[in-house]
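The values are calculated or read from the model by the stated rules, or taken from the named source; none is laboratory data. This is a predicted model, so every value here is computed, not measured. For neighbour counting, all protein chains shown are included, and Cβ atoms are generated from backbone atoms with ideal geometry for every residue, glycine included.
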Amino acid sequence: MNIKKPSFALLMLLVVGLWAVPSIATEQHEDPTEALVREIAKTLRCAVCQNQSIYESNSDLAKDMLSVIRTKVAAGEPESAIRDYFFQRYGDYIYLEPTAQGGNRLLWIGPFIALILGALALFSALKKWQPSQSRPPEVDKDAFRNRLKSEMDKID
């Protein structure tokens, strides 16, 4: 087998190329308002998509909603006012993570209540099934020996 070694020039070109890549890359600075837009848009659901955030969706409605968020952030509206704006138009559905308010509280607290009630029911059932502390009836030892002896005689 004839295997050629890489030339020194090719090796140097590779080293210089790898060394130069980080210096060529430029650092990108994001507009501070865009960070807030992204944060808000990632928590709001696209009204026509299936469980996608406004930020991730490519639908026309999501793009329009994103532009509304950008406009409101540029106007200096607080984050809570922007979220409230979408809540007024779409209701609780607009939030990707459900809130713990109103009827949703039962959804948040319900599993814990069910767990506590189940534990109480299990504890009660186990307490009822506990064997009583009474002693077993006394066995007549002589009658037992006589019966055992008669059974052993039948085997012989």
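Things worth noting here:
- With respect to (1) assigned to a helix (DSSP H, G or I); (2) surrounded by fewer than 10 Cβ atoms within 10 Å (Cβ to Cβ); (3) modelled with pLDDT under 90, the lone exception for Pro131 is condition (1).
- For Pro111, the test of being over 18 Å from Glu34 (Cα atoms) and part of a loop (DSSP other than H, G, I, E, B) is failed.
- Residue satisfying condition, being loosely packed, with under 10 Cβ neighbours inside 10 Å, acidic (Asp, Glu) and within 30 Å of Arg45 (Cα to Cα), within set Glu151, Glu138, Glu97: Glu97
- Looking only at residues of region 78-108 that are among the hydrophobic types (A, V, I, L, M, F, W, C) and either outside any helix (DSSP H, G or I) or modelled with pLDDT of 85 or more (or both), we find that the one that is farthest from the chain's Cα centre (by Cα) is Ala81.
- Test: residue in region 74-85 that is touching a strand residue (DSSP E or B) at 6+ places or on another chain (Cβ under 8 Å), of a type in the set (D, E, K, R) and within 14 Å of Leu36 (Cβ to Cβ): yes
- Identity of the residue in region 51-67, in a helix (DSSP H, G or I) and in contact with a helix residue (DSSP H, G or I) (Cβ under 8 Å, 6 or more places away or on another chain), that ends up farthest from Asp92 (Cα to Cα): Leu66
- Scanning region 86-108 for residues that are more than 20 Å from Leu36 (Cα to Cα) and among the acidic types (Asp, Glu) gives a single hit, Asp92.
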